1. Are any of the residues in region 65-74 polar (S, T, N, Q) and over 13 Å from I190 (Cβ atoms)?
2. Just for region 78-118: of the residues that are without any contact (Cβ under 8 Å) to a residue 40 or more places away in the chain, among the hydrophobic types (A, V, I, L, M, F, W, C) and over 14 Å from D144 (Cα atoms), which one is surrounded by the most Cβ atoms within 10 Å (Cβ to Cβ)?
3. Taking region 146-158 on its own, how many of its residues are out of contact with any strand residue (DSSP E or B) (no Cβ under 8 Å at 6 or more places or on another chain) and farther than 25 Å from Q79 by Cα?
4. Would a scan of region 415-430 turn up a residue that is surrounded by 15 or more Cβ atoms within 10 Å (Cβ to Cβ) and part of a loop (DSSP other than H, G, I, E, B)?
5. Mind checking which pairs have a first residue in region 23-42 that is under 13 Å from A245 (Cα atoms) and modelled with pLDDT of 70 or more and a second that is assigned to a helix (DSSP H, G or I) and hydrophobic (A, V, I, L, M, F, W, C), Cβ under 7 Å, 6 or more apart or different chains?
6. Consider only pairs whose beta carbons are under 8 Å apart and that are at least six residues apart or on different chains; among these, list those whose first residue lies in region 465-486 and is modelled with pLDDT of 95 or more and whose second residue is exposed (fewer than 13 other Cβ atoms within 10 Å of the Cβ).
7. Can we say T97 is under 21 Å from I190 (Cβ atoms), at pLDDT below 95 and assigned to a helix (DSSP H, G or I)?
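The values are calculated or read from the model by the stated rules, or taken from the named source; none is laboratory data. Please read all numbers here as calculations on a predicted model, not as lab measurements. Cβ placement follows ideal geometry from the backbone for every residue including glycine, while neighbour counts extend to all protein chains displayed.
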Amino acid sequence: MKRALVYKKIRKPIKKIQRNPLTRAMIMVCVLFSILSAIIMGAIGFFVYEHDMLHRYHAYTADVLNYVARSIDGDDLQQCMQTGVKSEKYNALQTLTNDLKETHKLEFLYIIQPISENPPDNMMDVLAAYTQAGKEAGTDGLTDLGNYTADFYPPEVARQYMARMDYDPTVTFFQNDTEFGNIYTAIRPIFNSSGEPIAVLCADVLIDEIDAGRIRFIALSSIMAMLTGIILSIGMSYWLIKRVAEPIQRISSSASAFAKKSHGRRDLEVMSFNDPNIHTHDEIEDLAKALASMCDDMKAYAKELITADRRVGTLEAKVIRMDYLAYTDALTGAGNKAAYEKYTASLNGDIQAGKAKFAMIMVDLNYLKRINDTYGHDQGNQYIKNLYTLLWHYFNADMIFRIGGDEFVVLVQGNRTDRVFELVKSVKRDMALTMSNPDTGSAYRISAAIGIAVYSPVRHANVNDVFKEADRNMYMDKNAMHALRD
């Protein structure tokens, strides 16, 4: 149970980080920065330590050699080297070097006389410090005054010893690979009372010990750098999350909520910006305030747009209404003379383009003046509307215009042009039926002359030519109707 609770506590922030790419990116940057910082700190620390370690080694080995050199009677030591007999001063020097080897943890502290570069017998042992533990282990006390080294020193090593048989008392250093291991050697010459070099004084330290110190330092510094990096990474991540990532996430959530509530809405009440409540006293807080102000401005602008849109809608409705009234006959609802002229202008364009196919029907109502004079204008108006109703019954898919008090024009286009004579025949049949019914009122007994003209590019240059032909045919029909009545 406890394990499940711990898992839930750990899982919750992990899921939160996974959902927030900015937080995840910041943590990654902090981790990488901390790792890089740890590596750089470790490298700098290592180089500083190595330089300091070598400097300290140089210092204390130089101090040892210079101290021993000041304790040496060069003439006495030269006498011992020549006779092979150890003097009291030699024995005192042996004791001194033994103590120094013990206290300064030197691998070897010795005096040697270079004779030549090439073995065998190119070196002569003069003195070698030893400790009791080293003597018992067999690593010390292997050399003695007057012993020759046979082929122990190869030419390249002997050459470095020979080079220090000079008149410079300075301590120098070189690396020496021997059967005892890789050795770092400090060396300086020993002089007699005449100032001539008689031998060299040396102190050796195993490089393995130096390397062991390096490794210990690297391990320790790496651990410290890693701990520092982890602490730094956690601290930076926490600071960035609290000061940057979380405030930006709250700003993003507020902006997304505002966009979602506002999209496609005309209700200004829902267009509200949720304050992310950020008090970081920095640019992020300024950003939140600027975003809130921008959302308020957008709300005000949207209000102006909605108001303007409503005004435009009202104006559009008025324009549409005015356009309808301007091109519509108020009595019948058919197109008026202005609509006819506008439409025929378009037809003239089709004629010029060579794609016109239409027929024109001229309809002139008979007896309108008689009905107006006899029954009044209301009956006359009804008479006109009844004719329009009859025309609309057959030509509702076409354009019907009232171009005069008792004149209508019907424009039939496209494939319906082929049926125009059939449709007009049906209209005349229905008008004849109304005229033959004695019970029908005068306003419902419809009589009209009709003329038809089908557009032909051979005969007609424009719509007006078609109109004239239809008008002539209409008058021919009217004359025929008069002749029939007479």
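1. First, the residues of region 65-74 that are polar (S, T, N, Q): 66, 71.
Keeping just the survivors that are over 13 Å from I190 (Cβ atoms) gives none.
Among the residues of region 65-74, not one is polar (S, T, N, Q) and over 13 Å from I190 (Cβ atoms), which makes the answer no.
2. L100
3. Looking only at region 146-158, we keep the residues that are out of contact with any strand residue (DSSP E or B) (no Cβ under 8 Å at 6 or more places or on another chain), and these are 150-151, 154-156.
Narrowing the set further to residues that are farther than 25 Å from Q79 by Cα leaves 151, 154-156.
So the answer is 4.
4. No, every residue in region 415-430 fails to be surrounded by 15 or more Cβ atoms within 10 Å (Cβ to Cβ) and part of a loop (DSSP other than H, G, I, E, B).
5. Here the result reads I27/I17, each pair linking region 23-42 to a residue that is assigned to a helix (DSSP H, G or I) and hydrophobic (A, V, I, L, M, F, W, C).
6. Within 8 Å, the pairs are D465/R459; E469/R459.
7. Values: under 21 Å from I190 (Cβ atoms): yes; at pLDDT below 95: yes; assigned to a helix (DSSP H, G or I): yes.
The answer is yes for T97.
Rundown of residues vs (1) modelled with pLDDT under 95; (2) assigned to a helix (DSSP H, G or I); (3) under 24 Å from H482 (Cβ atoms); (4) not acidic (D, E), yes/no style:
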residue	(1), (2), (3), (4)
S346	yes, yes, no, yes
I361	no, no, yes, yes
K369	yes, yes, yes, yes
W392	no, yes, no, yes
